[in-house]
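Visitor: Could you have a look at this structure, given as structure tokens, before my questions?
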Amino acid sequence: MTATTDGSTGALDPRAASATTTTTPTTPTPPTSPAPPAAGDVREAAARAAERSIAHLLERQDAEGWWKGDLETNVTMDAEDLMLRQFLGIQDDTITRAAALHIRGEQRADGTWATFYGGPGELSATVEAYVALRLAGDPPDAPHMARAAAWIRERGGIAAARVFTRMWLALFGWWKWEDLPELPPELIFLPRWFPLNIYDFGCWARQTIVPLTIVSAKRPVRPAPFALDELHTDPRVPRPSKPLAPVGTWEGAFQRLDKALHVYHRVAPRRLRKAAMNTAARWIIERQENDGCWGGIQPPAVYSLIALHLLGYDLEHPVMRTGLESLDRFAVWREDGARMIEACQSPVWDTCLATIALVDAGLRPDHPALVKAADWMLGEEIVRPGDWAVQRPGLTPGGWAFEFHNDTYPDIDDTAEVILALRRVKHPHPEQIEAAVRRGANWTVGMQSRDGGWAAFDADNTSPFPNRLPFCDFGEVIDPPSADVTAHVVEMLAHEGKAHHPRTRRGIEWLLAEQEANGAWFGRWGVNYVYGTGSVVPALTAAGLPGSHPAIRRAVSWLESVQNDDGGWGEDLRSYREEEWIGHGASTASQTAWALMALLAAGERDSQAVERGVRWLTATQREDGSWDEPYFTGTGFPWDFSINYHLYRQVFPLTALGRYVHGEPSFGRSGALDKGA
């Protein structure tokens, strides 16, 4: 990739990201905003805004039919890319300079790096960014480096960083392997019924942990190009051991398990360990995608390459060569010469959401752009088994993943939304749509968990044990059902004419039971309660719940109560940790759209809240038909890993405006599920 996919010109102004943890974010000033419409002109203004947005979105479609916006996360992706190149001995001066330019541009005024726009400084991200800049040649006594090092020391130094950060540092001798939690490769041999096996982890964690077991067993150390004493509180004083929790607690049990695994590392039978690492290597290679990546996401690719290299795979081996080539496709080169690494790419997700937005905004269903998008989505259908089949071995494949290349891990969320998108398109070969929808709907129904909800990638991935491992101190490592995914599935099934199907009703019951006391729903994959509520209300009304239903009324009341004074909605990522942030934050285009989609679905089209929200969207639209949104409204792991989907600011406002102007979508189906599904 040689240019940005959203027209942006470079990294965010670091001064904009230097808010403190106690300051409420302020609404960004849009570049060029039309004057707000008068009361009688709100719908006309909404229609004009939708037309501008349609034109903008159509201009951004790729010639092959897909849409894709940049997927922005944080500088740990860029730092780890440089550390990988250092470890493998494949440094490139051009890449190093470009990565360093991006990392420097994201540094906050206090010397730290945050993991989301406007967020507080984060220790592990700051450590990794600092190390990357040292690798790029920035001297430790440079003012920006000295500020970062002082801040790191004040917060406990490297010793207080997360396990993954210290593991990266251990690769160069900046941390001791024996001071890291142990995770042996023999884990690959544990059967599915064992209380802790690799399939108890969510697919993203599983893909990362299997190669890391090899790295942990090998404990490699490459010569460090410099020391990092300045990041320790006192390098002469060993890190104190954490006191053991009581033996009768889960924490105490897993602490003692970790100690036992450290002993096992010293006495592990060589033949068994070698067999385990070879089995893990085969597991990794079998899951490499056609483009050389693993699961379509960057972290597993990085760790898989390190693991295989440690087992003797040279850099010219086809697996290694194509794997390294795939990493270049995660790079976004800015016009100012900076290089940003995407953790993942989202073309399937972006394309189905863009299709839904365009049709709901009035673009004719047989428009060539929509037919081209449908053809591309049909070509992305996954019709072979993946890891999900471990839990559902008899289920016939059918579904879609998030990325360009990821046949191993189709996800339920994308599949539901792709079906909703395909059903909106008037395709010249409707039998192709019908067949793909039938397969996808049947697969989705089969992935329902026992409790009635749907997760993102697996069914019944709810073991309590993985999160308790000392190794897993960062992000979510299991994949339980969530309200947003379940809502999208329920909405899809309702539009397939299956609102009264027993599986759908169980999903509805699950959603109603998950509603918070305040009337909102938790957002697992988007920020946060605004996203959850914006997903669930349209699903429940599509499934037949009236706007007068108590759950719907509570949701409406909550959304009205958290509307900002400017008419928009916003919710800061800190809502995942701090209750006072729930429903509160600077207004954003995507979150305002989610709230409007819920209110419109609840029958509130003529309400003051909806009118104010539409006013905000029309007033903040740029002249080119787009919206500006520096805030992160997507979620990888709640709080720990946040995402700015650069296309969210385009597709969701267009969807909301379209539904405001044209009404709610209605295209009931006779039912595409096989009998007995």
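Visitor: Given labels modelled 7 Å from the Cα in the Cβ direction, how far is it in nm from Glu578 to Thr279?
Guide: 4.7
Visitor: Now a separate question. Note down the magnitude of the dipole of the chain about its Cα centre, charges +1 on Lys and Arg C-beta and -1 on Asp and Glu C-beta and zero elsewhere, to the nearest 20 debye.
Guide: Taking the Cα centre of the chain as origin, the dipole is about 1860 debye.
Visitor: Assuming a ≥ b ≥ c are the square roots of the Cα gyration tensor eigenvalues, decide whether region 74-341 counts as rounded (a/c under 1.5), prolate (otherwise, with a/b larger than b/c) or oblate.
Guide: Values: a/c = 1.85, a/b = 1.21, b/c = 1.53.
Oblate.
Visitor: Enumerate the calculated ³J(HN,Hα) couplings along region 572-580 in order (Karplus 6.51 cos²θ - 1.76 cosθ + 1.60, θ = phi - 60°), each rounded to whole Hz, writing x wherever the residue is Gly or Pro.
Guide: My calculation for region 572-580 gives 6, 4, 5, 5, 6, 10, 10, 4, 5 Hz in order.
Visitor: If a/c stays under 1.5 just call it rounded; otherwise compare a/b with b/c (prolate if a/b is bigger, oblate if not). Do that for the chain, with a ≥ b ≥ c from the square roots of the Cα gyration tensor eigenvalues.
Guide: Prolate is the answer for the chain, as a/c is 1.5 or above and a/b outweighs b/c.
Visitor: Nearest 500 deg cm²/dmol is fine: what mean residue ellipticity at 222 nm does the chain get from its DSSP H runs of n ≥ 4 alone, each adding -39,500 (n - 2.57), divided by its residue count?
Guide: Here the helix-only value at 222 nm equals -14000 deg cm²/dmol.
Visitor: Let me ask you something else. How much length, in nm to one decimal, is gained on full extension between Leu512 and His317, taken as 0.36 nm per residue of separation minus their Cα-Cα distance?
Guide: Gain on extension, Leu512 to His317, equals 65.0 nm.
Visitor: If R₀ is 51 angstrom, what is the calculated FRET efficiency for the pair Leu196 and Glu664, using the beta carbon separation as r and rounding to 0.05?
Guide: 0.65
Visitor: Right, another one. Whose amide H sits under 5 Å from the amide H of Trp294, counting only residues 5 or more places off or on another chain, with H placed in the peptide plane?
Guide: Residues meeting the amide H criterion: Glu289, Ala301.
Visitor: Further, regarding this structure: Between their Cα atoms, which of Lys68/Lys426; Lys176/Lys259; Lys218/Lys274 are more than 18 Å away from each other?
Guide: As for pairs spanning more than 18 Å Cα to Cα, those are Lys68/Lys426.
Visitor: Give the long-range amide H neighbours of Gly526: residues separated by 5 or more places, or on another chain, with amide H under 5 Å away, using H modelled in the peptide plane at 1.01 Å from N.
Guide: HN-HN under 5 Å from Gly526: Thr635.
Visitor: Using alpha-carbon positions, what is the distance between the centroids of region 384-461 and region 550-610, in Å?
Guide: Region 384-461 and region 550-610 have Cα centres separated by 30 Å.
Visitor: Answer with one residue from Cys352, Asn467, Ala595: the one whose Cα lies farthest towards the positive end of the charge dipole of the chain, charges on Cβ with Lys, Arg +1 and Asp, Glu -1.
Guide: Final value for the positive-end residue is Asn467.
Visitor: Right, something else. Arrange Ser548, Ser561 by Cβ neighbour counts within 10 Å, fewest through most, would you?
Guide: Working: Ser548 9, Ser561 12.
In order of increasing Cβ crowding within 10 Å: Ser548, Ser561.
Visitor: OK, next. Note down the nm distance, to one decimal, between modelled labels 7 Å out along Cα→Cβ at Asp92 and at Thr462.
Guide: Rounded to a tenth, the inter-label distance reads 4.6 nm.
Visitor: Distance in nm between label sites at Glu51 and Tyr264, each 7 Å beyond Cα in the beta-carbon direction?
Guide: Once both label points are built, they end up 6.8 nm from each other.
Visitor: Let me ask something additional. If packing is taken as the mean number of other Cβ atoms within 10 Å per residue, what is the order of 456-468, 581-593, 181-193, highest first?
Guide: 581-593, 456-468, 181-193
Visitor: Please give the length that would be gained between Glu434 and Arg384 if that part of the chain were fully extended, namely 0.36 nm times their separation in residues minus their C-alpha to C-alpha distance (nm, one decimal).
Guide: Values: separation 50, 0.36 × 50 = 18.00 nm, distance 1.86 nm.
My answer for the length gained is 16.1 nm.
Visitor: Going by average Cβ neighbours within 10 Å, how do the peptides 637-649, 422-434, 502-514 rank, with the highest at the top? Please list the in-between numbers first.
Guide: On the way: 637-649: 22.2, 422-434: 16.6, 502-514: 18.7.
Taking the mean over residues of other Cβ atoms within 10 Å, the ranking is 637-649, 502-514, 422-434.
Visitor: Given Cβ point charges of +1 (Lys, Arg) and -1 (Asp, Glu) and nothing else, what value in debye, to the nearest 20, does the dipole of region 74-341 about its Cα centre take?
Guide: Once rounded to the nearest 20, the dipole reads 1080 debye.
A short reminder: the numbers here are calculations on the coordinates, not readings from a lab. What you see is a predicted model; the values in this text were computed from it and never measured. With ideal geometry, Cβ positions are generated from the backbone for all residues, glycine too; neighbour counts draw on all protein chains shown.
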